[in-house]
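The values are calculated or read from the model by the stated rules, or taken from the named source; none is laboratory data. What you are looking at is a predicted structure, and each value in this text was computed from that prediction instead of being measured. Cβ sites come from the backbone with ideal geometry, for glycine too, and all protein chains shown count toward neighbours. For the accessible areas, the whole protein counts, side chains as well, though only heavy atoms, and no ligand, DNA or RNA atoms are used. Shrake-Rupley method; radii C 1.70, N 1.55, O 1.52, S 1.80 Å.
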Amino acid sequence: MAALRSTSARLAVAVSLSFFVAFLLLGIAVRFTVSTMLDGDTRDVVRADEAGLVELARDDGRAALIEELRARVEDDDGASVYGLFDARGRRVAGLVEHLPAIPEPRGWLEFVQSDDAGRARVIAHMHRFPDGVRLLTGQRTRSQDRFLALMLRTALAAAFVAATLGGLTGWLTSRRVSIRLQALDDTAARVGEGELGLRAPVDGSDDAFDRLARRFNAMLDRIEDLLGAVRHATDHIAHDLRTPLTRLRNRLEEARMRGGDDRNRSLDAALVETDQLLLAFGALLRLARIEAQAAVADEPVFDLAELVADAAELYIPSALECGLRLDVETQTAHVRGDRDQMFQVLVNLLDNALKYAPAGSRVVLALSAAEGHATLAVDDEGPGVPDADRERIFDRFQRLEVHRGSPGIGLGLSLVRAIVLRHGGHVRLFDRQP
């Protein structure tokens with residue numbers, strides 16, 4: 001019973017029963033059709049035989065009919081059955097000894113008769129003469145019944161063969177399904193034991209199992225990326241936050257030992273370090289929440305150009321203070337997503353541009369739309385990023401060595417990439433040449 005609880009066993013049994021029931025229904029339908037056809041042919045023979053006897057009685061008289069019936073009984077062909085009964089139901093001639101029960105309204109009846117060859121089904125018709133005499137004309141269906149019995153045995157044998165083939169087919173199908181699923185199960189088990197780089201095999205057939213394996217592998221890729229990001233972030237937290245925490249401790253130690261204005265200055269510096277740490281942890285939490293969110297399929301549609309205009313209006317005063325000119329070039333671009341997160345993208349990119357662009361230069365914020373996609377570009381004349389660092393700079397706490405001493409925590413571009421990826425986009429760094 002335990003074996004039958006498995007999906008593979010139930011599949012094999014279901015296929016076997018389906019084949020058996022299908023052949024059984026087909027056999028029953030064929031037998032009914034053939035039986036109806038053979039009975040119809042028999043009734044046609046009985047009609048023709050009866051018509052001849054009735055015509056003989058009409059032309060030559062009742063005595064000629066009785067003589068003809070006796071002659072036919074003596075020359076019994078094993079198939080024809082006759083009986084002539086007077087108005088009181090007594091037999092006058094023929095092999096049928098007793099008048100059968102009253103037949104159906106049209107005169108047809110069926111009964112079983114025994115002879116030297118055994119019992120046989122008889123299909124007969126009863127003709128009533130005006131004086132009450134009745135003529136029964138029939139045909140034994142022994143040969144037809146033998147044929148139908150042979151058909152039944154053949155159908156049962158075919159049903160047994162079909163059930164056997166169905167069981168074999170179901171077993172082979174369930175075995176193939178089990179093998180394909182076993183590969184996924186083995187992969188999941190080994191990944192659960194720590195082999196995060198393992199992937200389910202894909203045979204390129206593009207069937208349901210192949211598509212499932214690809215989705216499974218994509219899920220594992222995503223999990224590996226997230227775990228790698230967690231490990232990466234942990235390493236950088238331990239490395240990058242150790243220095244400010246050490247400075248914070250030293251400042252607090254100095255404040256404890258000093259007095260007056262020196263203590264206040266040390267405490268102010270410690271508060272700045274504390275704010276920087278809180279900002280870093282807040283950005284990390286926000287980044288983790290964004291990376292854990294699903295895609296923006298259910299988010300509303302909005303015009304990104306309006307968001308670009310709001311961001312530019314917010315940053316134009318800051319640009320003027322830095323001696324920069326902020327130009328905006330926009331087209332209408334309707335996108336689906338989170339307005340607040342997209343505004344965060346604009347803020348982070350503009351912060352970077354204003355921070356590193358030299359005084360007297362120009363920063364361009366451009367938005368264009370084509371073929372169902374929106375392109376957002378922030379163009380500045382800053383020192384740029386070396387080719388080797390253009391992918392690394394999007395990782396957590398990654399900062400160029402030349403910028404290590406400047407304010408910042410190294411999470412701005414990580415947030416930008418996480419938000420853009422959630423919205424189904426890509427982020428790239430290009431060289432302005434120069």
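Beta bridges from DSSP with both residues in the stretch 301-423: antiparallel share about 65 percent, rounded to the nearest 5. Note on the chain: with charges restricted to the Cβ of Lys and Arg (+1) and Asp and Glu (-1), its dipole about the Cα centre is near 1340 debye. The C-alpha atoms of the chain define a longest principal axis, and helix 339-356 lies at about 30 degrees to it.
Report the calculated FRET efficiency for Asp86 and Asp44 (r = Cβ-Cβ distance, R0 = 41 Å), to the nearest 0.05. Here the calculated transfer efficiency is 0.90. Listed values for the stretch 127-132 are Karplus-derived 3J(HN,Hα) couplings in whole Hz (6.51 cos²θ - 1.76 cosθ + 1.60, θ = phi - 60°), namely 10, 9, 7, x, 8, x, and x replaces Gly and Pro. Could you give the angle, 0 to 90 degrees to the nearest 10, between helix 412-422's Cα long axis and the longest principal axis of the Cα atoms of the chain? So the inclination is approximately 10 degrees. Comparing Gly282, Leu307, Ser114 along the charge dipole axis of the chain, the residue lying farthest to the positive side is Ser114, per the Cβ-charge model.
Accessible surface for the stretch 301-423, divided over its residues, is 51 Å² per residue with a 1.4 Å probe. Note on the stretch 2-160: with charges restricted to the Cβ of Lys and Arg (+1) and Asp and Glu (-1), its dipole about the Cα centre is near 1100 debye. Peptides 416-425, 157-166 ranked from most to least packed give 416-425, 157-166, packing being the mean of other C-beta atoms within 10 angstrom over each peptide's residues.
Measuring nothing but how far apart in sequence close Cα pairs (under 8 Å, 6+ apart) lie, relative to its length, the stretch 38-96 scores a relative contact order of 22 percent.
Remark: the stretch 299-304, residue by residue, has Karplus-estimated 3J(HN,Hα) of 7, x, 9, 9, 8, 5 Hz, where x stands for each Gly or Pro and the curve is 6.51 cos²θ - 1.76 cosθ + 1.60 at θ = phi - 60°. Computed in the context of the full set of protein chains, the accessible area of the chain at 1.4 Å probe radius has 57% of its extent on carbon or sulfur. Oblate is the label for the stretch 301-423, because a/c, from the alpha-carbon gyration tensor with a ≥ b ≥ c as root eigenvalues, is 1.5 or above and a/b does not exceed b/c.
Sorting Glu110, Glu313, Glu254 by accessible area puts them as Glu313, Glu110, Glu254; the probe is 1.4 Å, largest comes first, and only protein heavy atoms count.
Only helices enter this figure: runs of n ≥ 4 DSSP H residues, each worth -39500 (n - 2.57), summed and divided by the residues of the chain, yield -20500 deg cm²/dmol at 222 nm to the nearest 500. Output the 0 to 90 degree angle, nearest 10, between the alpha-carbon long axis of helix 142-192 and the longest principal axis computed from the alpha carbons of the chain. Compared with the principal axis, the helix lies near 10 degrees. When peptides 140-148, 195-203 are ranked by their average number of other Cβ atoms within 10 Å per residue, the highest-first order is 140-148, 195-203. Each principal axis of the chain carries a Cα extent, and these read 152, 51, 41 Å when sorted largest first. The packing ranking, built from the mean of other Cβ atoms within 10 Å per residue, places the peptides 246-252, 369-375 in the order 246-252, 369-375, highest first.
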